[in-house]
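Quick notes on the structure that follows.
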Amino acid sequence: KPRNLPPGPKPVYPLIGNLPAVAGKDVLLTFREMRKKYGDIYSLYFGHQLMIVVNGYETIKNVLVKHGALFSERPHNFLSDEMCQGRGLIFSTGKVWKEHRRFSTLAFQELGFGKLSFEEAINTEVVKVLEFLEEKQECPVDIKECIFASITNIMLKIIMGKSYNYDDTSFNEFLKKMVETSQLVGNASILVNCFPFLRYCPFDPLKKNVAIENRDKITSFFKDTYKEHCQTYNREYIRDFVDLYIREMEKIAEEGNSEEMLTAVIGDLFGAGGETSTTAVCWAFIYLVRHPEIQARIREEVDSTVGPTKIPSYSERHKMPFLEATILEVLRLGDVVPLAIPHGVPNSVVFDGYTIPKDSSILINLDSISHDPSLFDNPTQFKPERFLDSSGTVIHVTEFIPFSIGRRRCIGSAVARMELFIFITAVLSKFELLPPEGQPPPDPVGVLGITNMPRPFQLRAMFRRNSSES
Ligand code: HEM
């Protein structure tokens with residue numbers, strides 16, 4: 001054990017470290033208790049892996065902004081290293097990461113982050129969600145898969161100009177592979193931290209080969225799209241993200257591995273933007289089912305802004321502060337990506353008098369902010385009004401950072417907010433969301449992976465009575 005680490009519980013067993021303190025428990029609750037005991041920065045061993053948990057807005061800001069140059073690496077991780085090979089956006093570092101992050105951020109701005117074309121892509125998909133709910137004719141539905149398909153289609157449209165029917169076999173195969181691969185990488189990382197010898201076992205207990213096979217299938221689909229785009233590319237008529245990438249490569253006369261680089265970036269955008277937005281929209285629906293009075297208040301606000309038969313455009317969001325406050329409260333209580341994506345340091349560093357060793361994995365505990373009682377009274381309560389002042393104007397709480405801060409902050413926050421706005425307004429304009437007949441509303445309990453995904457749940461979408469009847 002390195003000396004002068006941040007405080008933390010003693011590793012109980014040599015092989016598994018502090019895992020018994022968290023295994024089978026609510027990790028976020030356990031971390032809240034540990035913060036009370038050890039302070040804003042503490043250390044833990046998950047197997048052989050040293051984890052440094054950073055809590056509270058001031059300390060997180062200090063780490064990610066003031067010392068951002070030191071803390072913007074990603075730690076090495078058994079399967080993700082193998083899968084990404086230093087490419088892409090999420091797990092890459094140095095020049096590759098900087099260039100691709102800059103390119104992707106500018107590409108999103110050019111394509112319409114917060115502008116019309118993204119709104120069109122989202123609107124087209126949300127219509128399919130409404131049709132799905134209509135077909136189910138007020139029966140209990142598990143809406144998560146439908147939301148995941150529509151969020152993935154939005155990304156497909158923005159990135160490569162494609163979209164699929166939800167019953168298309170190859171599309172469903174693609175969705176399945178995406179989910180399976182992310183689960184495999186997550187599980188393998190946990191197992192290998194506890195039992196490092198597993199990576200040398202001959203029978204592939206970590207299912208590395210399955211994950212790599214999946215990756216190859218997914219990337220071969222991206223590569224085919226790239227080739228199609230190269231053949232039909234017209235620099236005067238940019239259609240999507242892939243076209244922008246081809247233009248960028250022309251500009252810098254880059255040849256060689258640009259196909260590999262692009263497919264890794266696209267894979268990361270799907271990885272980062274699919275499950276996160278799906279999780280957020282699912283939480284929104286769960287809280288709306290649990291709070292019919294909030295559904296009614298949002299409807300009232302939307303009706304008084306655009307009338308009962310129209311769906312508002314995103315540019316009208318400022319006229320609907322209660323809806324905006326509800327979206328913030330969904331992001332807060334839903335705790336969508338509660339521990340960010342692990343950060344790392346290039347070399348051992350000293351921070352706040354403690355040593356942070358080179359190979360540690362730094363968990364940015366965003367839950368410690370979203371559930372901080374000194375920022376949010378009764379933090380476990382769903383209460384959108386907390387984001388409104390006495391005149392009904394939205395309060396922007398500086399400390400509230402569900403998309404993280406600093407150099408690695410999320411590049412998709414604008415599209416995620418737009419998705420939440422459009423999904424909520426479109427669904428509530430047509431339906432009233434209820435629990436299945438005779439059942440209580442879904443429990444707001446999450447399952448922790450990279451996202452805090454709600455447990456499987458069902459709801460019933462009843463056609464909305466028009467305002468004159470109610
Ligand atoms: C509600 C939905 C979302 C939430 C709560 C969310 C949150 C986050 C968080 C907390 C991080 C980690 C930042 C860090 O490591 O400090 C992150 C990273 C990232 N997000 Fe999002 N995200 C969402 C949706 C999206 C979408 C829709 C996209 C893409 C279209 C996206 C793209 C990314 C990328 C590429 C990264 C990695 C950035 C890097 O390593 O430089 N996210 N996100």
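Answer yes or no as to whether G86 is surrounded by fewer than 21 Cβ atoms within 10 Å (Cβ to Cβ), at pLDDT below 85 and under 22 Å from F400 (Cα atoms). Give the steps one after another, and end with the answer.
Details: surrounded by fewer than 21 Cβ atoms within 10 Å (Cβ to Cβ): yes; at pLDDT below 85: yes; under 22 Å from F400 (Cα atoms): no.
It is false that G86 is surrounded by fewer than 21 Cβ atoms within 10 Å (Cβ to Cβ), at pLDDT below 85 and under 22 Å from F400 (Cα atoms).
I'd like to check something: does region 297-315 contain any residue that is closer than 22 Å to L28 by Cβ and assigned to a loop (DSSP other than H, G, I, E, B)? Looking through region 297-315, none of the residues is closer than 22 Å to L28 by Cβ and assigned to a loop (DSSP other than H, G, I, E, B).
Candidates F403, F423: the one that is assigned to a loop (DSSP other than H, G, I, E, B) and not acidic (D, E) is F403. Listed by first and then second residue, the pairs linking a residue in region 406-422 that is under 18 Å from M320 (Cβ atoms) to a residue that is within 7 Å of the ligand (Cβ to nearest atom) and of a type outside the set (A, V, I, L, M, F, W, C), with Cβ atoms under 8 Å apart and 6 or more places separating them unless they lie on different chains, are A416/G273; A416/T276; A416/S277; E419/S277; L420/S277. The residue list P321, P312 contains one member that is in contact with a Leu (Cβ under 7 Å, 6 or more places away or on another chain), at negative phi and crowded, with 18+ Cβ neighbours inside 10 Å, which is P321. Only residues that are touching a residue at least 60 places away in the same chain (Cβ under 8 Å) and within 14 Å of the ligand (Cβ to nearest atom) were counted in region 340-389, giving 15. Taken over region 394-423, the criterion of being farther than 20 Å from E120 by Cβ and among the charged types (D, E, K, R) is satisfied by E399, R407, R408, R409.
Out of region 71-123, which residues are away from the ligand (no atom under 14 Å from the Cβ) and among the hydrophobic types (A, V, I, L, M, F, W, C)? Listed by number, the residues that qualify are F78, L79, M83, L116. Put simply, of F148, F171 the only residue that is buried (at least 20 other Cβ atoms within 10 Å of the Cβ), under 20 Å from L269 (Cα atoms) and not hydroxyl-bearing (S, T, Y) is F148.
Checking the condition crowded, with 22+ Cβ neighbours inside 10 Å, of a type in the set (A, V, I, L, M) and under 22 Å from the mean Cα position of the chain (by Cα), which residue from V281, V302 passes? Spell out how you get there, then give the answer.
Values: V302 fails: under 22 Å from the mean Cα position of the chain (by Cα).
So the residue among V281, V302 that is crowded, with 22+ Cβ neighbours inside 10 Å, of a type in the set (A, V, I, L, M) and under 22 Å from the mean Cα position of the chain (by Cα) is V281.
Looking only at region 183-242, residues that are free of Cβ contacts under 8 Å to residues at least 40 places away in the same chain and aliphatic (A, V, I, L, M) come to 3 in all.
Would a scan of region 447-469 turn up a residue that is of a type in the set (D, E) and either at pLDDT 95 or above or closer than 27 Å to I122 by Cα (or both)? Don't jump to the end; show me each part of the working.
In the first step, residues of region 447-469 are kept if they are of a type in the set (D, E); the result is 469.
Now restrict to residues that are either at pLDDT 95 or above or closer than 27 Å to I122 by Cα (or both): none.
Scanning region 447-469, I find no residue that is of a type in the set (D, E) and either at pLDDT 95 or above or closer than 27 Å to I122 by Cα (or both), so the answer is no.
Could we say that L111 is touching a residue at least 60 places away in the same chain (Cβ under 8 Å), within 17 Å of K430 (Cα to Cα) and either surrounded by 15 or more Cβ atoms within 10 Å (Cβ to Cβ) or among the aromatic types (F, W, Y) (or both) here? No; evaluated as a whole, the condition is false for this residue. Count of region 364-389 residues, restricted to those that are within 19 Å of M320 (Cβ to Cβ) and either buried (at least 20 other Cβ atoms within 10 Å of the Cβ) or at pLDDT below 95 (or both), is 3.
A count restricted to region 35-64 and to residues that are basic (K, R) and either within 16 Å of P373 (Cβ to Cβ) or assigned to a loop (DSSP other than H, G, I, E, B) (or both) stands at 2. Going by the conditions given, is D268 at negative phi, of a type in the set (D, E) and within 9 Å of the ligand (Cβ to nearest atom)? Considered against the rule, which asks whether it is at negative phi, of a type in the set (D, E) and within 9 Å of the ligand (Cβ to nearest atom), D268 comes out as yes. Every residue in region 224-235 that is over 11 Å from K162 (Cβ atoms) and either surrounded by 15 or more Cβ atoms within 10 Å (Cβ to Cβ) or in contact with a Leu (Cβ under 9 Å, 6 or more places away or on another chain) (or both), please. Hits for region 224-235 are Y226, Y233.
The residue of region 390-432 that is nearest to the ligand (Cβ to nearest atom), among those that are at pLDDT 95 or above and among the charged types (D, E, K, R), is R408.
Residues in region 136-172 that are within 15 Å of the ligand (Cβ to nearest atom) and β-branched (V, I, T): 6 in all.
Give region 114-142 a look and list any residue that's among the hydrophobic types (A, V, I, L, M, F, W, C) and surrounded by 16 or more Cβ atoms within 10 Å (Cβ to Cβ), or say none.
We begin by selecting, within region 114-142, every residue among the hydrophobic types (A, V, I, L, M, F, W, C); these are 116, 118, 121-122, 126-127, 129-130, 132-133, 139, 141.
Residues satisfying the conditions are F118, A121, I122, V126, V129, L130, F132, L133, V141.
The values are calculated or read from the model by the stated rules, or taken from the named source; none is laboratory data. Since this is a predicted model, take the numbers as computed values, not measurements. Neighbour counts are summed over all protein chains in view; Cβ atoms, including those assigned to glycine, are modelled from backbone coordinates with ideal geometry.
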